[in-house]
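These notes are about the structure you will find just below.
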Amino acid sequence: MTYNVVTFGEAMIRLSPPNFERIEQARSFDVRVGGAELNTAVALARLGRSTAWVSRLPHNALGRLVVHQARQAGVHVEHVLWTEGERVGLYFLEFGAAPRASGVLYDRKGSAIAGIKPGMVDWSRVFNGARWFHVTGITPALSPTAAEATREAVHMARQKSLKISLDLNYRAKLWSPEEAHRCLHELTGLCDVLITTEEDAEKVLRITGSDHETTARKLADAYPNLQVVAITIRENPLVWRNSWTALAYSRGTTYRTRTYEVEIVDRLGAGDCFAAGLIHGLLDNDVQAGLDFGVAASALKHSIPGDFAWITREEVENLLRGGGLRISR
């Protein structure tokens with residue numbers, strides 16, 4: 001089996017109290033599955049691309065829950081590594097409302113994927129016939145051996161002539177900016193596409209600009225291997241209503257797209273969905289299409305509960321054509 005896109009990283013069980021409750025109030029939790037790289041694979045599969053997700057899970061009911069939901073969403077999971085006696089990471093999500101922001105509490109230390117080491121995955125076999133490899137800055141933050149395994153995967157992807165994308169996705173609860181810089185500076189220098197926010201570019205890669213375009217151009221200048229730099233842009237007037245867009249910079253040209261006013265049902269996974277739409281366009285060598293698809297698809301994701309983007313390509317194309325909010329009958 002060959003794939004358009006391979007992703008690599010952790011998926012967790014997400015537990016959310018209902019009705020905007022605090023965790024301390026909760027008597028029940030909504031159960032979902034999510035993780036940045038899996039979310040991206042799901043969104044790409046929903047857009048019609050063949051995707052595989054590589055990870056490491058315990059051979060128990062929770063590990064099977066993760067795999068079953070990934071498979072249900074159309075993602076190939078035959079390269080997931082199974083282990084005994086370890087755990088799936090958890091995270092608890094409290095939904096906020098202004099002036100209280102939403103918040104995440106992690107319970108992921110020592111998860112099975114943190115124990116992954118170089119040599120465990122046969123990357124040559126995984127990448128055989130594939131076109132693209134996607135990873136984020138979360139995976140190498142999980143443990144020193146996970147960082148080494150990420151480097152191994154990136155180097156093998158380069159040997160196999162895959163395009164490689166990196167979403168910085170800095171997580172302050174996992175490592176410091178200094179630790180992130182040491183690892184992700186190296187990985188950025190090996191990738192073809194970088195996805196980030198201005199904030200993460202400053203914290204992790206120590207690059208700032210007077211505006212988004214300047215930041216993107218400085219990133220491209222600092223890392224000449226990068227063919228595309230994409231920056232997502234979120235304005236937050238309210239917890240549940242945002243302005244959402246992005247820009248891309250490629251070979252001296254800045255690409256822009258529409259700004260969407262999004263009413264947020266669930267914003268987790270929106271950035272991962274943007275990455276999927278961008279990759280979708282770049283697989284056809286079309287930066288503008290990738291930017292348009294990424295922002296439109298991720299705007300739709302804001303309206304869907306859970307981390308996964310349960311969207312269709314037709315819905316994204318309808319939104320790009322200016323589709324309205326009348327009931328579809």
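The values are calculated or read from the model by the stated rules, or taken from the named source; none is laboratory data. Just so it is clear, the model here is predicted, and its values are computed rather than measured. Heads up, the Cβs are rebuilt from the backbone with ideal geometry, glycines too, and the neighbour counts pull from every protein chain shown.
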Next item on the list: Kindly provide the set of residues from the range 83-116 that are surrounded by fewer than 17 Cβ atoms within 10 Å (Cβ to Cβ) and touching a Leu at 6+ places or on another chain (Cβ under 6 Å), ordered by number.
Entry: 98, 104, 107
Check: If we scan the range 90-97, do we find a residue that is in contact with a helix residue (DSSP H, G or I) (Cβ under 6 Å, 6 or more places away or on another chain), under 22 Å from residue 123 (Cβ atoms), outside any helix (DSSP H, G or I) and not β-branched (Val, Ile, Thr)?
Finding: no
Next item on the list: Select from the range 150-205 the residues that are part of a loop (DSSP other than H, G, I, E, B) and of a type in the set (A, V, I, L, M, F, W, C) and write down the one among them that is surrounded by the most Cβ atoms within 10 Å (Cβ to Cβ).
Entry: 191
Notebook entry, point to check: Assuming residue 291 fulfils every condition listed in (1) touching a helix residue (DSSP H, G or I) at 6+ places or on another chain (Cβ under 6 Å); (2) of a type outside the set (Phe, Trp, Tyr); (3) closer than 18 Å to residue 47 by Cβ apart from one, which condition is it?
Noted result: (1)
Next item on the list: Just give me the residues in the range 25-78 being buried (at least 22 other Cβ atoms within 10 Å of the Cβ), over 16 Å from residue 307 (Cβ atoms) and among the aliphatic types (A, V, I, L, M), in sequence order.
Entry: 47, 52, 54, 57
Check: Can you spot a residue in the range 245-254 that is closer than 19 Å to residue 313 by Cα and crowded, with 19+ Cβ neighbours inside 10 Å?
Finding: yes
Margin query: Filter the range 33-88 down to the residues that are among the β-branched types (Val, Ile, Thr), free of Cβ contacts under 8 Å to residues at least 40 places away in the same chain and either farther than 24 Å from residue 128 by Cα or not in a helix (DSSP H, G or I) (or both) and list them by number.
Written below: 75, 77, 80, 83
Notebook entry, point to check: Just checking, how many residues over the range 117-149 are of a type in the set (D, E, K, R), surrounded by 15 or more Cβ atoms within 10 Å (Cβ to Cβ) and not in a loop (DSSP other than H, G, I, E, B)?
Noted result: 1
Check: Out of curiosity, is residue 208 hydroxyl-bearing (Ser, Thr, Tyr) and farther than 22 Å from residue 290 by Cβ?
Finding: yes
Checklist line | Selection from the range 206-229 of residues that are part of a helix (DSSP H, G or I), more than 22 Å from residue 258 (Cα to Cα) and within 21 Å of the chain's Cα centre (by Cα) | finding: 219, 220
Check: Within the range 301-313, is there a residue that is aromatic (Phe, Trp, Tyr), within 27 Å of residue 224 (Cβ to Cβ) and either buried (at least 16 other Cβ atoms within 10 Å of the Cβ) or in contact with a helix residue (DSSP H, G or I) (Cβ under 6 Å, 6 or more places away or on another chain) (or both)?
Finding: no
Check: Quick one: which of 222, 216 is touching a residue at least 12 places away in the same chain (Cβ under 8 Å), over 18 Å from residue 134 (Cα atoms), of a type in the set (Gly, Ala, Ser) and surrounded by fewer than 18 Cβ atoms within 10 Å (Cβ to Cβ)?
Finding: 222
Item checked: Selection from the range 261-277 of residues that are free of Cβ contacts under 8 Å to residues at least 40 places away in the same chain and in contact with a strand residue (DSSP E or B) (Cβ under 7 Å, 6 or more places away or on another chain) -> 261, 264
Next item on the list: Have a look at 245, 254, 232 and point out the one that is part of a strand (DSSP E or B), in contact (Cβ under 8 Å) with a residue 24 or more places away in the chain, over 18 Å from residue 275 (Cβ atoms) and of a type in the set (S, T, N, Q).
Entry: 254
Next item on the list: Would you mind telling me which numbered condition in (1) over 20 Å from residue 309 (Cα atoms); (2) surrounded by 14 or more Cβ atoms within 10 Å (Cβ to Cβ); (3) modelled with pLDDT under 95; (4) not hydrophobic (A, V, I, L, M, F, W, C) residue 21 fails?
Entry: (3)
